[in-house]
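Down below is the structure, laid out as C-alpha cells.
The values are calculated or read from the model by the stated rules, or taken from the named source; none is laboratory data. Everything numeric in this text was worked out from a predicted model, so none of it was measured. Don't worry about glycine lacking a Cβ; one is built from the backbone with ideal geometry, like all the others, and counts go over all protein chains shown.
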Amino acid sequence: MIVTELVTNACKYAYPEGRSGSIRVRAVAVEGQLSVSVEDDGVGFPGGGAPQGTGFGTRIVHAMAFNLGATLHHDRQHTGTRMTLTMPL
C-alpha cells in the first residue's frame with residue numbers, strides 16, 4: 001500500500017500541466033534490510049511545509065511505515081523526488 005501511495009503521489013504531483021517523465025520503483029535487500037524507493041524526474045517535492053491535496057495519503061504512508069518499524073527518507077539532492085522506505089526483513 002505504501003508503494004502504491006508513493007507512485008500515486010508521483011503521478012499526481014511530479015508532472016503538472018501535462019509534463020511527461022518517468023517513475024521508477026526499486027527494491028533491494030541487503031544485510032537483513034529491505035529498501036524500497038519510488039523515484040521520479042519531475043518538478044520535485046521540497047518536503048515539509050503544507051501538503052499538496054489533503055495530505056491524507058502522506059499521513060497514511062507515515063503511519064504504515066511506523067507500524068512496520070520502517071524509516072521513510074526523502075532525498076533532497078535528487079532531481080525530482082525520491083522517497084525511500086527502509087525496514088527490517
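State all residues of the stretch 8-27 that are modelled with pLDDT under 95 and among the hydrophobic types (A, V, I, L, M, F, W, C); if no residue qualifies, say none.
Listed by number, the residues that qualify are Ala10, Cys11, Ala14.
Those residues that are more than 9 Å from the chain's Cα centre (by Cα) and assigned to a strand (DSSP E or B), I need them from the stretch 66-89; list them, please.
Thr71, Thr86, Met87, Pro88, listed by residue number.
Six or more apart or on different chains, Cβ under 7 Å: which pairs go from a residue in the stretch 21-36 that's surrounded by 11 or more Cβ atoms within 10 Å (Cβ to Cβ) to one that's of a type in the set (D, E, K, R) and part of a loop (DSSP other than H, G, I, E, B)? Could you list them?
These pairs meet every condition: Gly21/Asp41; Ser22/Asp41.
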